[in-house]
Amino acid sequence: MLSFLCSLPILVQIGLLIVGVLGCIKIYLKMTMGICTSTKKLSGKTVIITGANTGIGKETAIDLAKRGARVILACRDLKKAAIAKDDIIRESRNKNVFVRQLDLASLKSVRKFAAEILKSELRLDILINNAGCATIEKKLTEDGLEVQMQSNHFGHFLLTNLLLGLLKKSAPSRIIHVSSVAHAMTKTLDLNNLNSELSYNTGTVYYYSKLSQVLCTRHLAPLISSSGVTVNCLHPGAVETEIFRNAPSWFKMIAAVCFPLFFKSAKEGAQTTIHLAVADEVANITGEYFSDCKVAKTSKLANDVGLAKKLWEVSETFVNLKPEERHF
Ligand SMILES: NC(=O)c1ccc[n+]([C@@H]2O[C@H](COP(=O)([O-])OP(=O)(O)OC[C@H]3O[C@@H](n4cnc5c(N)ncnc54)[C@H](OP(=O)(O)O)[C@@H]3O)[C@@H](O)[C@H]2O)c1
(Lines give C-alpha, C1' and ligand atoms only; values in the text may rest on other atoms or scores of the structure.)
Protein backbone atom coordinates (compact mmCIF):
# COMPACT_ATOMS: atom_id res chain seq x y z
CA MET A 1 0.00 0.00 0.00
CA LEU A 2 2.75 2.41 1.11
CA SER A 3 4.90 1.62 -1.96
CA PHE A 4 1.83 2.19 -4.18
CA LEU A 5 1.22 5.61 -2.57
CA CYS A 6 4.91 6.54 -2.95
CA SER A 7 4.76 5.68 -6.66
CA LEU A 8 2.02 8.33 -7.21
CA PRO A 9 2.95 11.82 -8.49
CA ILE A 10 3.89 14.22 -5.63
CA LEU A 11 0.84 16.47 -6.20
CA VAL A 12 -1.49 13.48 -5.90
CA GLN A 13 0.31 12.44 -2.70
CA ILE A 14 -0.14 15.95 -1.24
CA GLY A 15 -3.81 15.95 -2.31
CA LEU A 16 -4.44 12.59 -0.63
CA LEU A 17 -2.67 13.81 2.55
CA ILE A 18 -4.86 16.93 2.73
CA VAL A 19 -8.04 14.87 2.16
CA GLY A 20 -6.89 12.42 4.87
CA VAL A 21 -6.17 15.17 7.44
CA LEU A 22 -9.49 16.93 6.71
CA GLY A 23 -11.31 13.60 6.96
CA CYS A 24 -9.72 12.89 10.36
CA ILE A 25 -10.67 16.37 11.64
CA LYS A 26 -14.24 15.86 10.43
CA ILE A 27 -14.48 12.44 12.13
CA TYR A 28 -13.02 13.90 15.36
CA LEU A 29 -15.56 16.76 15.29
CA LYS A 30 -18.45 14.33 14.73
CA MET A 31 -17.27 12.03 17.54
CA THR A 32 -16.88 14.83 20.10
CA MET A 33 -20.14 16.56 19.20
CA GLY A 34 -22.66 16.77 22.05
CA ILE A 35 -26.05 15.26 21.26
CA CYS A 36 -29.09 15.59 23.50
CA THR A 37 -30.20 12.06 24.34
CA SER A 38 -33.15 12.98 26.55
CA THR A 39 -36.53 11.65 25.40
CA LYS A 40 -38.40 14.00 27.75
CA LYS A 41 -41.84 15.12 26.57
CA LEU A 42 -43.00 18.70 27.09
CA SER A 43 -46.79 18.39 26.98
CA GLY A 44 -48.38 21.20 28.99
CA LYS A 45 -45.13 23.24 28.95
CA THR A 46 -44.72 26.65 27.32
CA VAL A 47 -41.48 27.71 25.66
CA ILE A 48 -40.40 31.06 24.22
CA ILE A 49 -37.52 31.06 21.72
CA THR A 50 -36.14 34.36 20.44
CA GLY A 51 -34.87 34.44 16.86
CA ALA A 52 -36.67 31.19 16.02
CA ASN A 53 -37.32 31.85 12.34
CA THR A 54 -33.97 30.45 11.18
CA GLY A 55 -30.73 28.73 12.22
CA ILE A 56 -30.27 27.27 15.69
CA GLY A 57 -33.47 28.83 17.03
CA LYS A 58 -35.66 27.25 14.36
CA GLU A 59 -34.13 23.78 14.88
CA THR A 60 -34.62 24.17 18.64
CA ALA A 61 -38.27 25.08 18.02
CA ILE A 62 -38.81 22.01 15.81
CA ASP A 63 -37.36 19.70 18.46
CA LEU A 64 -39.30 21.19 21.38
CA ALA A 65 -42.53 21.22 19.34
CA LYS A 66 -41.98 17.51 18.56
CA ARG A 67 -41.89 16.94 22.32
CA GLY A 68 -45.36 18.47 22.61
CA ALA A 69 -44.55 21.94 23.97
CA ARG A 70 -46.54 25.08 23.27
CA VAL A 71 -43.87 27.01 21.37
CA ILE A 72 -43.84 30.79 20.98
CA LEU A 73 -41.56 32.05 18.22
CA ALA A 74 -40.35 35.52 19.22
CA CYS A 75 -39.24 37.07 15.93
CA ARG A 76 -38.75 40.55 14.54
CA ASP A 77 -39.81 39.79 10.95
CA LEU A 78 -43.39 38.50 10.87
CA LYS A 79 -43.20 37.31 7.24
CA LYS A 80 -40.12 35.15 7.91
CA ALA A 81 -41.68 33.97 11.16
CA ALA A 82 -44.92 32.88 9.45
CA ILE A 83 -42.96 30.75 6.97
CA ALA A 84 -40.91 29.24 9.81
CA LYS A 85 -44.06 28.55 11.82
CA ASP A 86 -45.55 26.56 8.91
CA ASP A 87 -42.29 24.56 8.56
CA ILE A 88 -42.15 23.87 12.31
CA ILE A 89 -45.80 22.73 12.43
CA ARG A 90 -45.26 20.52 9.36
CA GLU A 91 -42.11 18.91 10.73
CA SER A 92 -43.28 18.50 14.32
CA ARG A 93 -46.98 17.77 13.64
CA ASN A 94 -47.68 20.07 16.59
CA LYS A 95 -50.09 22.92 15.85
CA ASN A 96 -49.35 24.56 19.18
CA VAL A 97 -46.79 26.91 17.60
CA PHE A 98 -47.35 30.68 17.66
CA VAL A 99 -45.60 33.80 16.46
CA ARG A 100 -45.22 37.01 18.45
CA GLN A 101 -43.30 40.03 17.26
CA LEU A 102 -40.13 40.90 19.14
CA ASP A 103 -37.36 43.24 18.02
CA LEU A 104 -34.64 43.00 20.63
CA ALA A 105 -33.04 46.15 19.23
CA SER A 106 -36.00 48.15 20.55
CA LEU A 107 -36.73 48.38 24.28
CA LYS A 108 -40.29 49.44 23.40
CA SER A 109 -40.75 46.24 21.40
CA VAL A 110 -39.35 44.11 24.24
CA ARG A 111 -41.72 45.74 26.73
CA LYS A 112 -44.70 45.29 24.38
CA PHE A 113 -43.80 41.62 23.76
CA ALA A 114 -43.41 40.92 27.50
CA ALA A 115 -46.68 42.69 28.34
CA GLU A 116 -48.54 40.58 25.76
CA ILE A 117 -46.99 37.37 27.12
CA LEU A 118 -47.90 38.28 30.71
CA LYS A 119 -51.45 38.95 29.56
CA SER A 120 -51.94 35.88 27.39
CA GLU A 121 -49.83 33.11 28.97
CA LEU A 122 -50.69 31.35 32.19
CA ARG A 123 -47.21 29.86 32.46
CA LEU A 124 -43.70 30.01 31.04
CA ASP A 125 -41.50 26.96 31.57
CA ILE A 126 -38.53 27.63 29.31
CA LEU A 127 -37.18 30.96 28.05
CA ILE A 128 -34.54 30.56 25.34
CA ASN A 129 -32.65 33.76 24.59
CA ASN A 130 -31.27 32.58 21.27
CA ALA A 131 -31.46 35.53 18.84
CA GLY A 132 -28.21 37.18 17.90
CA CYS A 133 -26.49 39.19 15.24
CA ALA A 134 -23.00 40.09 14.11
CA THR A 135 -22.90 43.46 12.41
CA ILE A 136 -19.94 45.14 10.77
CA GLU A 137 -20.50 48.84 11.30
CA LYS A 138 -21.39 50.99 14.25
CA LYS A 139 -25.08 51.73 14.47
CA LEU A 140 -27.10 53.05 17.36
CA THR A 141 -30.69 51.95 17.97
CA GLU A 142 -33.64 54.23 18.73
CA ASP A 143 -32.67 53.74 22.39
CA GLY A 144 -29.16 55.10 21.75
CA LEU A 145 -27.54 51.71 22.40
CA GLU A 146 -25.15 49.89 20.06
CA VAL A 147 -27.24 47.56 17.88
CA GLN A 148 -25.22 44.36 18.41
CA MET A 149 -25.03 44.92 22.17
CA GLN A 150 -28.74 45.63 22.37
CA SER A 151 -29.84 42.71 20.15
CA ASN A 152 -27.58 40.18 21.86
CA HIS A 153 -27.44 41.39 25.46
CA PHE A 154 -29.53 44.40 26.56
CA GLY A 155 -32.73 43.24 24.82
CA HIS A 156 -32.50 39.76 26.35
CA PHE A 157 -31.52 41.27 29.70
CA LEU A 158 -34.73 43.32 29.80
CA LEU A 159 -36.84 40.45 28.47
CA THR A 160 -35.53 38.06 31.15
CA ASN A 161 -36.24 40.55 33.93
CA LEU A 162 -39.76 41.27 32.67
CA LEU A 163 -40.65 37.57 32.38
CA LEU A 164 -38.93 36.41 35.59
CA GLY A 165 -42.12 36.70 37.66
CA LEU A 166 -43.99 34.36 35.30
CA LEU A 167 -41.03 31.95 35.20
CA LYS A 168 -41.01 31.88 39.01
CA LYS A 169 -44.76 31.26 39.10
CA SER A 170 -44.24 28.32 36.70
CA ALA A 171 -41.23 26.81 38.56
CA PRO A 172 -39.42 24.55 38.04
CA SER A 173 -38.49 26.56 34.98
CA ARG A 174 -35.38 27.31 32.96
CA ILE A 175 -33.69 30.33 31.36
CA ILE A 176 -31.15 29.60 28.62
CA HIS A 177 -28.84 32.15 27.01
CA VAL A 178 -27.24 31.18 23.70
CA SER A 179 -23.85 32.81 24.18
CA SER A 180 -20.59 31.85 22.43
CA VAL A 181 -16.99 30.81 22.96
CA ALA A 182 -16.36 34.28 21.50
CA HIS A 183 -16.98 35.58 25.05
CA ALA A 184 -13.39 34.51 25.77
CA MET A 185 -11.89 36.53 22.92
CA THR A 186 -11.76 39.72 24.94
CA LYS A 187 -9.44 40.16 27.90
CA THR A 188 -11.32 43.23 29.19
CA LEU A 189 -14.86 44.53 29.47
CA ASP A 190 -14.84 48.31 29.53
CA LEU A 191 -18.13 49.31 31.18
CA ASN A 192 -17.64 52.85 29.83
CA ASN A 193 -17.51 51.52 26.27
CA LEU A 194 -20.39 49.00 26.24
CA ASN A 195 -22.10 50.95 23.46
CA SER A 196 -18.88 51.89 21.67
CA GLU A 197 -18.96 55.33 23.33
CA LEU A 198 -15.14 55.58 23.21
CA SER A 199 -14.16 53.37 20.28
CA TYR A 200 -15.71 50.86 17.89
CA ASN A 201 -14.53 47.47 16.75
CA THR A 202 -17.08 45.03 15.35
CA GLY A 203 -15.41 41.92 16.80
CA THR A 204 -15.02 43.49 20.23
CA VAL A 205 -18.70 44.44 20.35
CA TYR A 206 -19.70 40.84 19.57
CA TYR A 207 -17.29 39.51 22.22
CA TYR A 208 -18.63 42.03 24.76
CA SER A 209 -22.22 41.05 24.04
CA LYS A 210 -21.51 37.32 24.45
CA LEU A 211 -19.38 37.88 27.59
CA SER A 212 -22.22 40.00 29.01
CA GLN A 213 -24.59 37.03 28.62
CA VAL A 214 -22.20 34.76 30.55
CA LEU A 215 -21.60 37.33 33.30
CA CYS A 216 -25.33 38.01 33.75
CA THR A 217 -25.99 34.25 33.89
CA ARG A 218 -23.42 33.98 36.70
CA HIS A 219 -24.88 36.99 38.52
CA LEU A 220 -28.57 36.02 38.26
CA ALA A 221 -28.19 32.35 39.28
CA PRO A 222 -27.56 32.92 43.03
CA LEU A 223 -30.19 35.66 43.17
CA ILE A 224 -32.93 33.21 42.13
CA SER A 225 -31.42 29.98 43.48
CA SER A 226 -34.31 29.27 45.86
CA SER A 227 -37.03 30.04 43.31
CA GLY A 228 -36.86 26.85 41.23
CA VAL A 229 -35.75 28.85 38.18
CA THR A 230 -32.38 27.89 36.74
CA VAL A 231 -30.32 30.04 34.39
CA ASN A 232 -27.52 28.71 32.19
CA CYS A 233 -25.71 29.76 29.05
CA LEU A 234 -23.98 27.91 26.24
CA HIS A 235 -21.76 27.84 23.21
CA PRO A 236 -23.51 26.01 20.35
CA GLY A 237 -20.31 25.25 18.43
CA ALA A 238 -19.34 26.64 15.04
CA VAL A 239 -22.61 26.29 13.19
CA GLU A 240 -23.56 26.75 9.54
CA THR A 241 -26.31 29.40 9.82
CA GLU A 242 -27.01 32.93 8.60
CA ILE A 243 -25.04 34.51 11.47
CA PHE A 244 -22.34 35.75 9.06
CA ARG A 245 -24.85 37.30 6.64
CA ASN A 246 -23.28 40.76 7.13
CA ALA A 247 -19.70 39.57 6.70
CA PRO A 248 -17.54 40.81 3.78
CA SER A 249 -17.72 38.73 0.57
CA TRP A 250 -14.13 37.37 0.90
CA PHE A 251 -15.14 35.92 4.26
CA LYS A 252 -18.27 34.38 2.77
CA MET A 253 -16.18 32.72 0.04
CA ILE A 254 -13.88 31.10 2.59
CA ALA A 255 -16.91 30.17 4.68
CA ALA A 256 -18.59 28.48 1.69
CA VAL A 257 -15.64 26.03 1.57
CA CYS A 258 -15.08 25.64 5.32
CA PHE A 259 -18.68 25.50 6.58
CA PRO A 260 -19.60 22.08 5.15
CA LEU A 261 -16.23 20.67 6.22
CA PHE A 262 -15.89 21.90 9.78
CA PHE A 263 -19.14 23.47 10.92
CA LYS A 264 -22.10 21.80 12.60
CA SER A 265 -25.47 21.82 10.88
CA ALA A 266 -28.11 24.01 12.56
CA LYS A 267 -29.75 20.84 13.94
CA GLU A 268 -26.44 19.74 15.47
CA GLY A 269 -25.83 23.27 16.76
CA ALA A 270 -29.19 23.21 18.56
CA GLN A 271 -28.31 20.15 20.66
CA THR A 272 -26.82 21.93 23.69
CA THR A 273 -29.77 24.35 23.84
CA ILE A 274 -32.21 21.41 23.68
CA HIS A 275 -30.21 19.54 26.34
CA LEU A 276 -30.44 22.53 28.69
CA ALA A 277 -34.15 22.89 27.96
CA VAL A 278 -35.20 19.29 28.61
CA ALA A 279 -32.59 17.03 30.24
CA ASP A 280 -33.37 15.86 33.79
CA GLU A 281 -29.68 15.77 34.73
CA VAL A 282 -29.39 19.57 34.39
CA ALA A 283 -32.59 20.31 36.33
CA ASN A 284 -30.62 21.49 39.37
CA ILE A 285 -27.62 23.02 37.61
CA THR A 286 -27.61 26.80 37.47
CA GLY A 287 -25.18 29.61 36.65
CA GLU A 288 -23.12 27.42 34.33
CA TYR A 289 -21.77 27.61 30.81
CA PHE A 290 -22.22 24.57 28.55
CA SER A 291 -20.68 23.37 25.33
CA ASP A 292 -21.45 20.09 23.55
CA CYS A 293 -24.05 19.25 26.24
CA LYS A 294 -21.44 19.41 29.03
CA VAL A 295 -20.41 22.05 31.55
CA ALA A 296 -17.43 23.86 30.04
CA LYS A 297 -14.79 26.33 31.20
CA THR A 298 -15.29 30.04 30.63
CA SER A 299 -12.66 32.73 30.43
CA LYS A 300 -11.29 34.09 33.73
CA LEU A 301 -13.06 37.38 33.09
CA ALA A 302 -16.43 35.58 32.84
CA ASN A 303 -15.92 34.40 36.45
CA ASP A 304 -15.36 37.90 37.84
CA VAL A 305 -18.32 38.30 40.24
CA GLY A 306 -17.52 41.95 40.91
CA LEU A 307 -17.57 42.74 37.21
CA ALA A 308 -20.79 40.73 36.77
CA LYS A 309 -22.50 42.78 39.52
CA LYS A 310 -21.36 46.08 37.98
CA LEU A 311 -22.45 44.97 34.50
CA TRP A 312 -25.86 43.96 35.87
CA GLU A 313 -26.31 47.39 37.48
CA VAL A 314 -25.16 49.26 34.36
CA SER A 315 -27.49 47.11 32.24
CA GLU A 316 -30.43 47.93 34.53
CA THR A 317 -29.72 51.61 33.93
CA PHE A 318 -29.37 51.26 30.15
CA VAL A 319 -32.70 49.39 29.82
CA ASN A 320 -34.36 51.64 32.41
CA LEU A 321 -35.51 48.75 34.59
CA LYS A 322 -37.96 49.99 37.20
CA PRO A 323 -37.73 48.83 40.87
CA GLU A 324 -41.11 47.07 40.58
CA GLU A 325 -39.74 45.09 37.59
CA ARG A 326 -37.10 43.39 39.78
CA HIS A 327 -38.31 39.91 40.65
CA PHE A 328 -35.67 38.87 43.21
N1 LIG B 1 -23.61 30.07 14.14
C2 LIG B 1 -22.57 29.99 14.95
O3 LIG B 1 -21.49 29.48 14.59
C4 LIG B 1 -22.70 30.51 16.36
C5 LIG B 1 -21.59 30.34 17.23
C6 LIG B 1 -21.69 30.81 18.53
C7 LIG B 1 -22.86 31.42 18.96
N8 LIG B 1 -23.92 31.59 18.10
C9 LIG B 1 -25.13 32.24 18.61
O10 LIG B 1 -26.26 31.44 18.30
C11 LIG B 1 -27.42 32.27 18.28
C12 LIG B 1 -28.28 31.89 17.08
O13 LIG B 1 -27.58 32.30 15.91
P14 LIG B 1 -27.60 31.49 14.53
O15 LIG B 1 -26.23 30.99 14.32
O16 LIG B 1 -28.74 30.58 14.47
O17 LIG B 1 -27.77 32.73 13.53
P18 LIG B 1 -28.92 33.14 12.49
O19 LIG B 1 -29.22 31.99 11.59
O20 LIG B 1 -28.44 34.41 11.88
O21 LIG B 1 -30.19 33.41 13.43
C22 LIG B 1 -30.22 34.54 14.25
C23 LIG B 1 -31.66 34.81 14.64
O24 LIG B 1 -31.68 35.96 15.50
C25 LIG B 1 -32.65 36.87 15.00
N26 LIG B 1 -32.35 38.25 15.39
C27 LIG B 1 -31.23 38.96 15.13
N28 LIG B 1 -31.37 40.21 15.61
C29 LIG B 1 -32.61 40.28 16.19
C30 LIG B 1 -33.35 41.29 16.84
N31 LIG B 1 -32.87 42.54 16.99
N32 LIG B 1 -34.57 41.00 17.32
C33 LIG B 1 -35.09 39.76 17.16
N34 LIG B 1 -34.47 38.76 16.53
C35 LIG B 1 -33.23 39.03 16.05
C36 LIG B 1 -32.63 36.67 13.50
O37 LIG B 1 -33.81 37.20 12.92
P38 LIG B 1 -33.84 37.68 11.36
O39 LIG B 1 -33.84 36.43 10.54
O40 LIG B 1 -35.09 38.48 11.26
O41 LIG B 1 -32.60 38.50 11.15
C42 LIG B 1 -32.55 35.16 13.44
O43 LIG B 1 -33.84 34.61 13.67
C44 LIG B 1 -26.92 33.70 18.29
O45 LIG B 1 -27.09 34.24 19.57
C46 LIG B 1 -25.44 33.58 17.96
O47 LIG B 1 -24.69 34.62 18.52
C48 LIG B 1 -23.86 31.14 16.82
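The values are calculated or read from the model by the stated rules, or taken from the named source; none is laboratory data. Values in this document were obtained by computation on a predicted structure and should not be read as measured data. Every residue, glycine as well, gets a Cβ built from its backbone with ideal geometry; the counts of neighbours run over all protein chains shown. Note: accessible area is taken over every heavy atom of the protein model, side chains too, but ligands, DNA and RNA are not part of it. Shrake-Rupley method; radii C 1.70, N 1.55, O 1.52, S 1.80 Å.
Details
- Picking from residues in the range 191-206 that are away from the ligand (no atom under 11 Å from the Cβ) and in a helix (DSSP H, G or I), the one that is most open to solvent (accessible area, probe 1.4 Å) is N192.
- Evaluation of A238 against the conditions (1) on the phi < 0 side of the Ramachandran plot; (2) more than 12 Å from the ligand (Cβ to nearest atom); (3) small (G, A, S) shows that the sole unmet condition is (2).
- Against the list (1) part of a helix (DSSP H, G or I); (2) among the charged types (D, E, K, R); (3) touching a strand residue (DSSP E or B) at 6+ places or on another chain (Cβ under 6 Å), the condition R174 fails is (1).
- Residue within the range 162-175 that is open to solvent by less than 20 Å² (accessible area, probe 1.4 Å), in contact (Cβ under 8 Å) with a residue 24 or more places away in the chain and polar (S, T, N, Q) present: yes
- Unique residue being more than 10 Å from the ligand (Cβ to nearest atom) and farther than 20 Å from H177 by Cβ when the list is F262, F244: F262
- Verdict on T188 being surrounded by fewer than 24 Cβ atoms within 10 Å (Cβ to Cβ) and polar (S, T, N, Q): yes
- The number of residues in the range 285-328 being of a type in the set (K, R) and under 20 Å from S227 (Cα atoms) comes to 2.
- The single condition among (1) touching a residue at least 12 places away in the same chain (Cβ under 8 Å); (2) open to solvent by less than 60 Å² (accessible area, probe 1.4 Å) that S120 does not meet is (1).
- Scanning the range 38-52 for residues that are in contact (Cβ under 8 Å) with a residue 60 or more places away in the chain and of a type outside the set (K, R) returns S38, L42, T46, V47, I48, I49, T50, G51, A52.
- Among the residues of the range 12-37, those that are assigned to a helix (DSSP H, G or I), of a type outside the set (A, V, I, L, M, F, W, C) and either within 30 Å of K66 (Cα to Cα) or open to solvent by 70 Å² or more (accessible area, probe 1.4 Å) (or both) comprise K26, Y28, K30, T32.
- The one condition from (1) open to solvent by 50 Å² or more (accessible area, probe 1.4 Å); (2) at pLDDT 95 or above; (3) not in a loop (DSSP other than H, G, I, E, B) that K210 does not meet is (1).
- Residues being crowded, with 20+ Cβ neighbours inside 10 Å and under 16 Å from L167 (Cβ atoms) are entirely absent from the range 81-104.
- Being at pLDDT 95 or above and among the hydrophobic types (A, V, I, L, M, F, W, C) is true of L191.
- Residue within the range 140-151 that is closer than 21 Å to K58 by Cα and not polar (S, T, N, Q) present: no
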